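Visitor: Next up is a structure, given as structure tokens.
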Amino acid sequence: MDSRDLPLYFELFNEIGIIEQLSRALFEARLPNGLLASHFAVLNGLIRVRDGRTPLDLARAYQVPKTTMTHTLSGLERHGLVTLRPNPKDGRSKCVWITPAGRKFRDDAVAGMAPEMARLAAEIPPERLADLVPRLTEIRRFMDADREE
């Protein structure tokens, strides 16, 4: 990489970080009391990838300590959004399963963002996002694969 390109790459990550912070605050303001964006992220990830994963698998996927993931999962379980059942492979560990209430919570949370998304769409039309999202996905896939090596 040419050293003159470094500021561009830094600016990209800086903008993504700011967007993440702003969107997290906006999103968390609309979640029910006691639930955070981290709770939503775990539910969304379990729906997107698959549920039935162990807390350790989830901690690795989200790059957080197992104790942090255990805390997040206990909050989800307390709200009836997931259940933890014995792992059918070994019987010692647990696996996380989304409840129907968890799926509904996730869907309702996404639907609850419609007014904010409409305001964004008024400024940035969908066709511009349609061009941008695949490029961001490409960056995410590279970084996700790169961290596992």
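Visitor: Just to be sure I understand, how many residues within region 46-66 are of a type in the set (Lys, Arg) and surrounded by 13 or more Cβ atoms within 10 Å (Cβ to Cβ)?
Guide: Going residue by residue through region 46-66, those that are of a type in the set (Lys, Arg) are 48, 50, 53, 60, 66.
If we keep only those that are surrounded by 13 or more Cβ atoms within 10 Å (Cβ to Cβ) too, we end up with 53, 60, 66.
Count: 3.
Visitor: For the condition basic (Lys, Arg), assigned to a helix (DSSP H, G or I) and under 18 Å from GLU116 (Cβ atoms), what is the one hit in ARG4, ARG24?
Guide: ARG24
Visitor: So, restricting to helices (runs of 4 or more DSSP H) that lie completely within region 27-130, which ones have at least 3 residues that are hydrophobic (A, V, I, L, M, F, W, C) and within 29 Å of ARG147 (Cβ to Cβ)?
Guide: Because the criterion is at least 3 residues that are hydrophobic (A, V, I, L, M, F, W, C) and within 29 Å of ARG147 (Cβ to Cβ), the helices (runs of 4 or more DSSP H) in region 27-130 that meet it are 37-48, 55-62, 66-78, 100-112.
Visitor: Is there any pair with a first residue in region 115-139 that is within 25 Å of ALA29 (Cα to Cα) and a second that is surrounded by 11 or more Cβ atoms within 10 Å (Cβ to Cβ) and at pLDDT below 95 whose Cβ atoms are under 8 Å apart and which are 6 or more apart or on different chains, and what are they?
Guide: So the pair list comes out as GLU116/LEU26.
Visitor: Ok, one more. If I filter region 93-107 for residues that are within 18 Å of GLU20 (Cα to Cα) and surrounded by fewer than 15 Cβ atoms within 10 Å (Cβ to Cβ), do I get at least one hit?
Guide: No, that holds for no residue.
Visitor: Among (1) free of Cβ contacts under 8 Å to residues at least 60 places away in the same chain; (2) within 18 Å of the chain's Cα centre (by Cα), which single condition is ARG147 missing?
Guide: (1)
Visitor: Looking only at region 26-44, decide whether some residue is of a type in the set (Val, Ile, Thr), surrounded by 15 or more Cβ atoms within 10 Å (Cβ to Cβ) and either out of contact with any Lys or Arg (no Cβ under 6 Å at 6 or more places or on another chain) or at pLDDT 90 or above (or both).
Guide: yes
The values are calculated or read from the model by the stated rules, or taken from the named source; none is laboratory data. Note that the structure is predicted; figures quoted are calculated from it, not measured. Because the Cβ atoms are built from the backbone with ideal geometry, glycine has one as well, and the counts that use them run over all protein chains shown.
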